[in-house]
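Values in this text are rule-based calculations from the coordinates and carry no lab data. Owing to the predicted nature of the structure, the values given are computational and were not obtained by experimental measurement. Here the Cβ is made from the backbone with ideal geometry for all residues, glycine too, and neighbour counts use every protein chain on show.
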Amino acid sequence: MRALSGIQPSGELHIGNYFGALKQFIALQDQHEGYYFVANYHALTTTRDAAVMREQTLHVAKAFLALGLDPQRSILFLQSDIPEVTELTWLLSSVTPMGLLERCHAYKEKVAQGVSADTGLFIYPVLMAADILIYDSDVVPVGQDQKQHVEVTRDMAAKFNHTYGEVFKLPEPYILRDVATVPGTDGGKMSKSYGNTIDIFVDEQTTRKQVMGVVTDSTPVEAPKDPDNCNIFNIFRLFAPEDELEATRELYLKGGAAYGEMKKRTVDLINEHFAAARERYAELSANPDEVREILRDGAARARVAAKATLQRAREACGMI
Ligand code: ADP
Ligand code: TRP
C-alpha cells in the first residue's frame with residue numbers, strides 16, 4: 001500500500017499541522033510505502049517572494065526529517081522536481097468540469113480571506129489530484145479540511161477512467177478522527193492565517209508566550225468546568241499522558257482546575273514533546289547540503305513512478 005501526502009511551504013509549521021498531518025504521515029511509514037513532498041507549486045498561489053519561498057521550502061523538508069520521516073524507508077521530495085505532475089494537471093483539467101471546482105470550499109474561503117482569485121488558485125485541486133494520481137497512491141493522509149480535495153480527486157480519476165479506460169487508481173482519504181481539527185489559541189481552527197498558532201520549531205520561550213496567550217474564560221478556580229469546552233484543556237489533552245489527562249478531567253468536573261497552572265504544564269509538555277525534534281532540526285539547519293541530497297534522491301525515486309503513470313495517461317488519450 002502506498003501513502004502519499006504533501007504540505008505547502010507557506011509558513012511556520014504548528015501543532016495543528018503536526019497532529020493533523022505530519023504525525024500521521026510518519027506513523028504510516030511503518031506499514032506503507034510513503035511518498036511525502038513539499039507542495040511548493042501549490043504555495044505559489046499565496047507566496048510571491050522567492051527568498052521566502054526558498055526558506056519555507058527547506059523549513060518543511062527539515063520538519064519532515066526532524067519529526068522522524070526516514071528517507072531510507074519513505075520518499076521525500078519537492079513537488080517542483082517532478083515536472084510530470086504539471087503535465088498530468090493539464091490532461092486532468094481537460095476532463096474536469098468547472099462546476100466541480102466551483103464547489104470546492106477551499107477556493108471560496110481563500111478568496112474571502114483576501115488571496116488573489118487567480119487561475120492557479122481555482123485549479124489548485126487539479127494539481128492536487130495530479131499529485132495524488134501520478135504515484136498510484138492508495139491512501140492520502142490529510143486533515144479534515146483537505147478531505148474534499150481527495151474526494152474531488154476521485155471524481156476526476158473516475159471521469160478520466162470512464163472517458164479513456166482504466167488509467168488511475170482511486171485513492172482513499174485517511175483522517176485521524178480524534179484530532180481531526182486542532183483548536184488554535186483563540187479556540188477557532190488553528191491556522192497560520194488566523195495568527196492563533198502554537199509552533200513546532202521555535203524556542204521554549206516562544207512556546208511559553210504562545211501557550212500563555214490561549215484564551216480562557218473567567219470561571220473561578222473552585223468552580224466546576226466543562227473540560228471539553230476549555231481551550232487550554234483541548235490543547236493540553238493532545239500532549240498529556242493518559243493518567244494525567246484523566247485526573248485533570250476529574251479536577252475540571254469537580255472544581256479546582258486553575259488555568260494558569262494548566263498553561264504552565266502544557267508549556268512543559270510541549271517543550272518536552274518536541275525537544276529531540278528541535279535538536280535534529282538545528283542539526284539539519286547547520287547541514288543544508290544533507291537536506292538537499294535527500295530531496296534530490298527522493299525526486300529521482302518519485303520520478304520513476306510519475307513517468308510510468310504519465311505515460312499511461314498520455315497513451316490513453318492519444319498523445320503520440
Ligand atoms: P494552515 O491552515 O495553517 O495554513 P495548511 O492548510 O498548510 O495549514 O495545512 C497543512 C496540513 O495540516 C493539511 O493536511 C491540513 O489538513 C493540516 N492542518 C492544518 N491545520 C490543522 C488543524 N488546526 N487541525 C488539524 N489539521 C490541520
Ligand atoms: N493542499 C494540501 C494542503 O494545503 C497540500 C497538498 C498538495 C496535498 N498536494 C497534495 C495533500 C496531495 C495531499 C495530497 O494541505
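Could you state the principal axis extents of the C-alpha atoms in region 202-273, from the largest down, to the nearest angstrom?
Result, largest extent first: 35, 26, 16 Å.
How are the C-alpha pair distances of the chain spread across 20 Å bins, as whole percents from the shortest bin up?
All Cα pairs considered, the percentages come to 30, 54, 15, 1.
Based on DSSP H runs of at least 4 residues, each adding -39500 (n - 2.57), what is the mean residue ellipticity at 222 nm of the chain after dividing by all its residues, to the nearest 500 deg cm²/dmol?
On the way: 14 runs with 171 residues, N = 320.
Helix-only estimate at 222 nm: -16500 deg cm²/dmol.
Figure the gain on full extension for ASP70 and HIS105 (residue separation times 0.36 nm, minus the Cα-Cα span) and round it to one decimal in nm. Working shown, then result.
Values: separation 35, 0.36 × 35 = 12.60 nm, distance 3.38 nm.
Full extension of this stretch gives 9.2 nm more.
Measure off 7 Å from each Cα along the Cα-to-Cβ vector at LEU170 and ALA247, then give the distance between these two points in nanometres to one decimal.
Placing both labels 7 Å beyond Cα along the Cβ direction yields 5.0 nm.
Would you mind ranking VAL38, VAL221 so that the residue whose beta carbon has the fewest other beta carbons within 10 Å leads the list? Show your work: numbers first, answer last.
Values: VAL38 27, VAL221 12.
Ascending Cβ contact count within 10 Å gives the list VAL221, VAL38.
Tell me the Kirkwood radius of region 38-195: reciprocal of the mean inverse pair distance over distinct alpha-carbon atoms, in Å.
On the way: mean 1/r = 0.0586 Å⁻¹.
Over region 38-195, the inverse of the mean reciprocal pair distance is 17.1 Å.
With a/c under 1.5 counting as rounded, go ahead and sort region 206-248 into rounded, prolate or oblate using the C-alpha gyration tensor (a ≥ b ≥ c being the square roots of the eigenvalues; past the cut-off, prolate if a/b is larger than b/c, else oblate). Walk me through the numbers before you get to the answer.
Details: a/c = 2.13, a/b = 1.05, b/c = 2.03.
Oblate is the answer for region 206-248, as a/c is 1.5 or above yet b/c matches or exceeds a/b.
Where both residues lie in the chain, what percent of DSSP beta bridges are antiparallel, nearest 5? Write down the numbers at each step before the final one.
Values: 2 of 16 bridges.
Bridges in the chain that DSSP calls antiparallel: roughly 10 percent.
With the calculation restricted to Cα positions, what are the radius of gyration and Dmax of region 9-103 in angstrom?
Just the Cα atoms of region 9-103 yield Rg and Dmax of 15.1, 42 Å.
What distance in nm separates the simple spin-label points at ASP289 and GLN311, each placed 7 Å from Cα in the Cβ direction?
If labels sit at ASP289 and GLN311, their model points lie 3.5 nm apart.
When only C-alpha pairs under 8 Å and at least 6 residues apart count, what is the relative contact order of region 1-40, in percent? Let's see the in-between values first.
Details: 35 pairs, mean separation 28.6, N = 40.
Contact order relative to length: 71 percent.
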